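Visitor: Attaching a single structure in structure tokens format; questions to follow.
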Amino acid sequence: MKFTKNIGMVLLAVYLIIDGLLGFGLNLGPFVFLLYLVALAAGVLILIGR
């Protein structure tokens, strides 16, 4: 399995997986803000090309 070198795309994948799990009822409680931080970091890294 080849791992992508683009960390922005990896963070986007993590965000999408966690967001999908939240739709099925996963409860992160007060740590849901981490999801927003991952989304923000993924967007910035994709824009700068990392």
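What follows draws every value from the coordinates through simple rules; no lab data is involved. Keep in mind it's a predicted model, so treat the numbers as computed, not measured. Positions of Cβ are generated from backbone atoms using ideal geometry, with glycine treated the same way; all protein chains shown enter the neighbour counts.
Visitor: How much net charge surrounds A42 when only other residues with a Cβ under 15 Å from its Cβ are counted (Lys, Arg +1; Asp, Glu -1)?
Guide: Here the count lands on +1.
Visitor: I'd like the FRET efficiency for K5 and L40, computed as 1/(1 + (r/R0)^6) with the beta carbon distance as r and R0 of 22 Å, rounded to 0.05.
Guide: Using R0 = 22 Å, I get an efficiency of 0.60.
Visitor: What is the angle, in °, between the Cα long axis of helix 7-23 and the longest principal axis of the Cα atoms in the chain? Nearest 10 is fine, range 0 to 90.
Guide: 20
Visitor: Given Cα pairs under 8 Å that are at least 6 residues apart, what percent is the relative contact order of the chain?
Guide: 63
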